1. Do the conditions hold for residue 233, that is, is it modelled with pLDDT under 95, under 30 Å from residue 508 (Cα atoms) and surrounded by fewer than 15 Cβ atoms within 10 Å (Cβ to Cβ)?
2. Is it the case that some residue within region 131-139 is within 16 Å of the chain's Cα centre (by Cα), assigned to a helix (DSSP H, G or I) and not assigned by TED's automatic domain parsing to the domain that holds residue 201?
3. Determine which member of the set 463, 449 is touching a strand residue (DSSP E or B) at 6+ places or on another chain (Cβ under 6 Å), within 18 Å of residue 536 (Cα to Cα) and touching a residue at least 60 places away in the same chain (Cβ under 8 Å).
4. Scan region 587-601 and report the pairs whose first residue is assigned by TED's automatic domain parsing to the domain that holds residue 67 and on the phi > 0 side of the Ramachandran plot and whose second residue is at pLDDT below 85 and part of a loop (DSSP other than H, G, I, E, B), with Cβ atoms within less than 9 Å and a gap of 6+ or a chain change.
5. In region 586-598, what residues are touching a strand residue (DSSP E or B) at 6+ places or on another chain (Cβ under 9 Å) and either at pLDDT below 75 or farther than 20 Å from residue 473 by Cβ (or both)?
6. Criterion first (outside the structural domain of residue 476 (by TED's automatic domain parsing) and under 21 Å from residue 536 (Cα atoms)) does residue 423 satisfy it?
7. Residues 243, 252: which one is over 27 Å from residue 390 (Cα atoms), touching a strand residue (DSSP E or B) at 6+ places or on another chain (Cβ under 8 Å) and either free of Cβ contacts under 8 Å to residues at least 12 places away in the same chain or surrounded by fewer than 24 Cβ atoms within 10 Å (Cβ to Cβ) (or both)?
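The values are calculated or read from the model by the stated rules, or taken from the named source; none is laboratory data. This structure is a prediction, so every number in the text was calculated from the model and none was measured. Backbone-built Cβ (ideal geometry, glycine too); neighbour counts: all protein chains shown.
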């Protein structure tokens, strides 16, 4: 096990007397972990301001959590979602040894998170994460956050080309890059190669969508680049920078956008200004045409001062089928059950490579246990050669599973308690961590997700007409659960009634994205938390009873008068006196009997 000894205080300054078992790590990684230990010692000795420590730890992927000075959340970046069995086993060991709930959480940025980590354990955890090939660097703070990508990249039948090598190259280019260390606010990037918008590119500061054009007899790869999207309290859809950007200009274009944002974004320290420091607010102040001009001028300067002609070239890479040994006989006692057929329908997707499949592993509430992580690692080794991705829907995907292995994958997932059906369907609810840990959250989004899961357990989840409806939950208006772009979205709020605080959710409907356009859900009701499941059930049944033939929920919402939906849900917005129904004044999933808003100081803008 790694050993980190204490520091000696000499004449008011710390001198390193550390013994780290870090000889096998790169020098810059060693330096970060060593410094983390020193900064902890300085903080605890009273020689480092808490705000200075906060800025440092955020840069290295460590958040504070609600109601604790000593416990933290660690966010692990999974670049473009690619993860290995060995890395899952490392995460399992960390969760088992250092977290009280033995849980690892998948985020809407394809990251992993650990909660309730003691400060003194952080350097050792960072060491294990680094040794596995993962990093926490720039997972938080005013930096370029994890670069996400379509989880079907390289396997999708609808993709223009595999965006994986481009997402890989850009994420590596920006990691620890000086231009990325002290931005006005966080900055988010996503890549998409498919006709479907799996990566949700319009809600990002930078969205790259694969494109091609003919150059003589040659097919040239490139991107349509969208700039200035974002969610939060004031969502905005990104704008197209130029019709076609050659792939060799991907990195200098991204760098130009980041430099312009770094130079001109809002930097006044007051809280009201910090909340308006994202790139989308610079566009509001300037207009997009001015931003476009500045970006293109900056890109010319970058290209004029580059060190070589091919400095930014990224070589295309195509995955080749792995060698997988499939057992000749099916599992003992195997038969094609109704549950297996359902799993095949909802969780198995054919790849563009004939005979190969991607298998979605649904992780309810975005959580995976220690045993679950280890089981998935083992199953992936055996049946997909270790090829996996995380998704922004908080699930995992096994890629390159041969058709003959599907019964075995299902059987082993079933034995591990992981054969959940309905991945990326209505029962697969996206949610942020909420008030369980987040300092900004008002409500416990986990509790609402659990309550809605019970709503679907009675068979509603398999009703054909509601299959493709998406539900997303955030514990506050900041949209970490991406409620703005869901068919049905909720975000936490509160009010006061009968002398008591009441936990509530704002219900939005009609959110969605497609390339170049994000449509944000419209608020239709403010509902006490305990009444949200019943209100959701009534809304879904109203849709089922009043839809036209083959009419999707999105088409239904576009057609229907919103006042009808408001009238439909009006009964759920009324709260009886506390003396008659005290339970309605409690939050779903909260341990406290009496609800009280306890919002702290957020750290996303730290």
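1. Numbers: modelled with pLDDT under 95: yes; under 30 Å from residue 508 (Cα atoms): yes; surrounded by fewer than 15 Cβ atoms within 10 Å (Cβ to Cβ): yes.
The answer is yes for residue 233.
2. The answer is no, given that none of the residues of region 131-139 is within 16 Å of the chain's Cα centre (by Cα), assigned to a helix (DSSP H, G or I) and not assigned by TED's automatic domain parsing to the domain that holds residue 201.
3. Details: 463 fails: touching a strand residue (DSSP E or B) at 6+ places or on another chain (Cβ under 6 Å).
The conditions single out 449.
4. Pairs found: none.
5. If we filter region 586-598 for residues that are touching a strand residue (DSSP E or B) at 6+ places or on another chain (Cβ under 9 Å), which is where we start, we get 586-588, 590, 594-597.
Correct list: 594, 596.
6. Yes; evaluated as a whole, the condition is true for this residue.
7. Details: 252 fails: touching a strand residue (DSSP E or B) at 6+ places or on another chain (Cβ under 8 Å).
Within the list 243, 252, the selection yields 243.
Residue-by-condition table, conditions (1) under 20 Å from residue 465 (Cα atoms); (2) free of Cβ contacts under 8 Å to residues at least 40 places away in the same chain:
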{"position": "536", "(1), (2)": "yes, no"}
{"position": "540", "(1), (2)": "yes, no"}
{"position": "545", "(1), (2)": "yes, yes"}
{"position": "548", "(1), (2)": "yes, yes"}
{"position": "551", "(1), (2)": "yes, yes"}
{"position": "555", "(1), (2)": "yes, yes"}
{"position": "574", "(1), (2)": "no, yes"}
{"position": "578", "(1), (2)": "no, no"}
